[in-house]
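Right, one structure below, let's go through it.
The values are calculated or read from the model by the stated rules, or taken from the named source; none is laboratory data. Note that the structure is a prediction, hence the values are computed from the model and not measured. We place every Cβ from the backbone using ideal geometry, glycine too, and count neighbours over all the protein chains shown. With ligands, DNA and RNA removed, areas are computed over all heavy atoms of the protein, side chains included. Shrake-Rupley method; radii C 1.70, N 1.55, O 1.52, S 1.80 Å.
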Amino acid sequence: HAATVTVDPAFVVGPVRRRTFGTFVEHLGRCVYTGIYEPEHATADADGFRGDVMELTRELGVSTVRYPGGNFVSGYRWEDAVGPVADRPRRLDLAWHSTEPNTFGVDEFMRWAQRSGVEPMMAVNLGTRGIQEALDLLEYCNVPGGSYLADQRRANGAEDPYRIRMWCLGNEMDGPWQIGHKTAEEYARVAAETARAMRMMDPDIELVACGSSSSSMPTFGEWERTVLTETYEHVDYVSAHAYYHEEDGDLTSFLASSVDMDNFVAAVAATADQVRAARKLDKKIHVSFDEWNVWYQQRAESRPPQGDDWPVAPVLLEDRYNVADAVVVGNLLISLLRNTDRVHAASLAQLVNVIAPIMTEPGGRSWKQTIFHPFALTSARAKGDVLRLAVDSPVQETAKFGEVPVLDTVATHDPESGDVVVFAVNRSVTDAVALDVDLRGFPGLRVAEAVTLANPDHTWSATAEDSTSVAPRPNTSAKVADDRARAELPPVSWSMLRL
Ligand code: AHR
């Protein structure tokens, strides 16, 4: 296969947004307990935060972290988990059939976020609760002092307000599995009124209304129309969630998952713009793609405990990712960047242990899954502007998406350093792609860095013992001559060329 790509500095989609590189910490399985928080761990600091996980979080290049859920938030009482730890009640978490010890709460999360250098993104419970409890949490977090809950935060050790900017108005309220699941009309009303009241308290916050839990929801499209018609003036974003996995051995369709993500964003944007036109409003609603990843939902480790078993921090959703999964994650990041004009925030779900790039052993090692690498490299290298490319790629047939290009790619250009970075995925299962990048718009560039993640066995997964033998390697075929960059991209691979 041969594919040609033309890059030109004049064709800018929009800026690379740091918020594209968000992740997610939910009270689910071992994400919090024995994930980011394990007071007994050898690397734990005075607050019980695992130092090894904090280091990996930094290396991953995480910008924002969404918290505390997820399905968990729809039954959560945030006030259970503030104040003296000995007084905090244990509660049943119905979403994941677990016991929540509440030894980690909003104050611990904010200290962890500050120490890890990430921006918090807070979700309020619109499942079992409503406007008042959302206002209470906002008062506790963002009001400087002089009111009951703000003073309670100060008494609990946080003198300065947290000034959390991004707030999610509930989680996946379109899903019948959600505690307090609502029809679009029911959710639209409570979301609009919660948003209006929250802004009365803090006009600087940015609000995310729940969109669809996936593009295959029966209510997809109509849900967004109804919710945005009611909430348009009061919110800034509508959320999108998407999880992909290889089904019935159909690797070719799986490798084309970003086609669904592109279509998802286009459909939500069109719906938001239709409401904008119908309501005769000016502002644009952007997409917060605040849950996305590969997730093998049907595997046993995704099934919560049952019956009388309500464990604390059970092993749940601890998917092991292979090389093909990492290629798809890299490709989904290509899609998020390509849609940077509309997607203004995104969160890989999740950060640690639960469908995660970082894994930990309780009391032991931490290690990187395959999906860690494309995320870390894209976060580190994508800077400046996202460029609109002219791509001439061979196509291949997929059962799920019809004909798709074999090569998927995006490029960024940093006007400050002059760097042009090309991110590229070869979706062919059998053939290499000879990539040929026309750089006449950027005369005189050379190869500064070229790496490829691939393996003859694309089912290879990392373990605690061996997490690096299949990591991105230098791609020695990459060359620039006569203002054209050329590189060989092996089958089922993700690559990054910095020029
Ligand atoms: O990320 C795992 C779960 O997926 C979240 O709790 C929920 O929002 C989604 O269905």
request  = Those residues that are closer than 21 Å to PRO456 by Cβ and part of a loop (DSSP other than H, G, I, E, B), I need them from the range 405-424; list them, please.
outcome  = VAL406
task = From VAL82, VAL53, VAL65, grab the single residue that is within 16 Å of the ligand (Cβ to nearest atom) and either among the hydrophobic types (A, V, I, L, M, F, W, C) or closer than 14 Å to GLU108 by Cα (or both).
result = VAL65
inquiry  = Name the single residue that is farthest from the ligand (Cβ to nearest atom) among those in the range 162-182 being open to solvent by 10 Å² or more (accessible area, probe 1.4 Å) and among the charged types (D, E, K, R).
reply    = ARG163
request  = Look at GLN178 and say whether it is closer than 26 Å to ASP47 by Cβ, modelled with pLDDT of 95 or more and of a type in the set (S, T, N, Q).
outcome  = no
ask   = So which pairs qualify, if the first residue must be in the range 69-81 and touching a residue at least 12 places away in the same chain (Cβ under 8 Å) and closer than 12 Å to GLU100 by Cα, the second must be open to solvent by 10 Å² or more (accessible area, probe 1.4 Å) and near the ligand (Cβ under 9 Å from one of its atoms), the Cβ gap must be under 7 Å, and the two must be at least 6 apart or on different chains?
value = PHE72/ALA95; PHE72/TRP96; GLY75/ALA95
note = Filtering the range 307-333 down to residues that are of a type in the set (S, T, N, Q) and either closer than 16 Å to THR378 by Cβ or touching a Cys at 6+ places or on another chain (Cβ under 9 Å) (or both) yields ASN331
task = Give the residue, chosen from GLY48, GLY61, GLY35, GLY29, that is open to solvent by less than 20 Å² (accessible area, probe 1.4 Å) and under 23 Å from ASN156 (Cα atoms).
result = GLY48
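One line per residue, one yes/no per condition, for (1) within 16 Å of the ligand (Cβ to nearest atom); (2) surrounded by fewer than 23 Cβ atoms within 10 Å (Cβ to Cβ):
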| site | (1), (2) |
| --- | --- |
| GLU224 | no, no |
| THR229 | no, yes |
| TYR232 | no, yes |
| SER239 | yes, no |
| LEU251 | no, yes |
| LEU255 | no, no |
| VAL259 | no, yes |
| ASP262 | no, yes |
note = Filter the range 340-374 for residues that are away from the ligand (no atom under 16 Å from the Cβ) and closer than 16 Å to GLU291 by Cβ; the one that is most open to solvent (accessible area, probe 1.4 Å) is HIS344
key: Among (1) in a loop (DSSP other than H, G, I, E, B); (2) within 16 Å of the ligand (Cβ to nearest atom) - the single one LEU332 does not satisfy   = (1)
inquiry  = Out of GLU55, GLU40, I need the residue that is of a type outside the set (A, V, I, L, M, F, W, C), out of contact with any strand residue (DSSP E or B) (no Cβ under 7 Å at 6 or more places or on another chain) and free of Cβ contacts under 8 Å to residues at least 40 places away in the same chain. Which one?
reply    = GLU55
inquiry  = Show me the strands (runs of 3 or more DSSP E) entirely contained within the range 341-385 in which 1 or more residues are under 19 Å from SER469 (Cβ atoms), basic (Lys, Arg) and in contact with a His (Cβ under 7 Å, 6 or more places away or on another chain).
reply    = none
Residue that is nearest to the ligand (Cβ to nearest atom) [pool: residues in the range 85-97 that are closer than 21 Å to THR23 by Cβ and of a type outside the set (A, V, I, L, M)] = TRP96
inquiry  = I need the full set of residues from the range 268-282 which are touching a residue at least 40 places away in the same chain (Cβ under 8 Å) and open to solvent by 40 Å² or more (accessible area, probe 1.4 Å), in order please.
reply    = GLN274, ARG276, ALA278, ARG279, LEU281
